[in-house]
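Here's the structure, in structure tokens; my notes come after.
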Amino acid sequence: MSTAPNAQSPLVIQAKGLVKRYGQVTALDGADFELRAGEILAVIGDNGAGKSSLIKCLAGATIPDEGEIYLDGQRAHFKSPIDARRAGIETVYQDLAVAPAMTIAENLFLGREIRRPGFLGSVLQVIDKKKMLAESIARMNDLKVGIRSMTQAVETLSGGQRQCVAVARAAAFAQHVVIMDEPTAALGVKEGNMVLELIRRVRDKGLPVILISHNMPHVFEIADRIHIARLGKRAAVVDPKHISMSDTVAVMTGAKSVDELPAQALAH
Ligand SMILES: Nc1ncnc2c1ncn2[C@@H]1O[C@H](COP(=O)(O)OP(=O)(O)OP(=O)(O)O)[C@@H](O)[C@H]1O
């Protein structure tokens, strides 16, 4: 198990002064961001606070108009999600990019199929289903995702199990960071807890996690630190062990200013 992240943990991702405008709307208005090694960082904020825009910049899905992004201290210039993926950042989007009719093993390797040379050598390569199946079993076992058969179609799984497949896929391929957008939305209590457990295991495997969520109990249960987005900026980063849920929501909505919080509520 990894040691608890602290103020000395290295910054894995840092963003400074991100600005993103969509016509007249300023979605990001000088947003800063820091993700530390070994942590689950929740990103919360009211509707329109700029959470998705921020995460899209970090995942290469949006190019900021201004500002800088650093990965392990090196300036990153993501022009597409492929650039971010190549840099080891995997994202699990809310709308779950799983292919329901395909098997779990096929879903895990979708777009990254393992191939072996075909009869024309490297020209016509054949998908190595056996190897993909063995790898899928190993990777799901590694994350302790209890699924009976990797050859069953994803459409036969419950919502929670499907979400676990999506999270496991991201965790299996991410070298650096996993970003999750509302991974427990639309799940029941038991299934939500199953996904939260999996997210903890991803962190404990050594991958820091950025978790966007509107679910405050989940955020307080799982986050090491909470980034509060407000009006396109970072309003504060708070420590869930030293701040109440109501104070967190008050900062998020603007009912309370950061200056009104006790010093220990702020995370470093
Ligand atoms: N592609 C777009 N075109 C135009 N406006 C956009 C676009 N994407 C975001 N916006 C606007 O930018 C602002 C911030 O949106 P964003 O989706 O980043 O916020 P959010 O915090 O993720 O909100 P929510 O919780 O509702 O998803 C909003 O006013 C939104 O309408």
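Some values worked out for this structure:
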item: Exposure proxy order (Cβ contacts within 10 Å, fewest to most) of Tyr93, Tyr70, Tyr22; result: Tyr22, Tyr70, Tyr93
item: For the chain, built as a Gaussian network whose Cα springs stay under 10 Å, the top-fluctuating residue of Lys129, Lys20, Lys56; result: Lys129
item: Rounded FRET efficiency, nearest 0.05, which uses the C-beta distance separating Leu11 from Val249 and R0 of 25 Å; result: 0.40
item: More than 15 Å apart - percent of Cα-Cα pairs taken over the range 35-74; result: 53 percent
item: Residue pairs, from the table Lys56/Lys233; Lys20/Lys205; Lys56/Lys131; Lys144/Lys190; Lys56/Lys144; Lys20/Lys51, whose Cα atoms sit over 23 Å apart; result: Lys20/Lys205; Lys56/Lys131; Lys56/Lys144
item: Kyte-Doolittle mean at least 0.0, axial Cα span of 18 Å or more - DSSP H helices of the chain; result: 159-173
item: Derived scalar couplings ³J(HN,Hα) [the range 210-216; Karplus, 6.51 cos²θ - 1.76 cosθ + 1.60; whole Hz; x for Gly, Pro]; result: 9, 10, 8, 7, 9, 8, 4
item: Size descriptor, Kirkwood hydrodynamic radius, that averages inverse alpha-carbon separations across the chain, Å; result: 19.4 Å
item: Taking the C-alpha atoms of the range 126-268, convex hull volume expressed per residue in Å³; result: 139 Å³
item: Among beta bridges that DSSP assigns inside the chain, antiparallel share in %, nearest 5; result: 65 percent
item: Footprinting exposure proxy for His227, His77 (fewest neighbouring C-beta atoms within 10 Å first); result: His77, His227
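FYI, it's all coordinate maths here, none of it is from the lab. What you are looking at is a predicted structure, and each value in this text was computed from that prediction instead of being measured. All Cβ positions, even for glycine, are placed from backbone atoms using ideal geometry, and neighbour counts span all protein chains on display.
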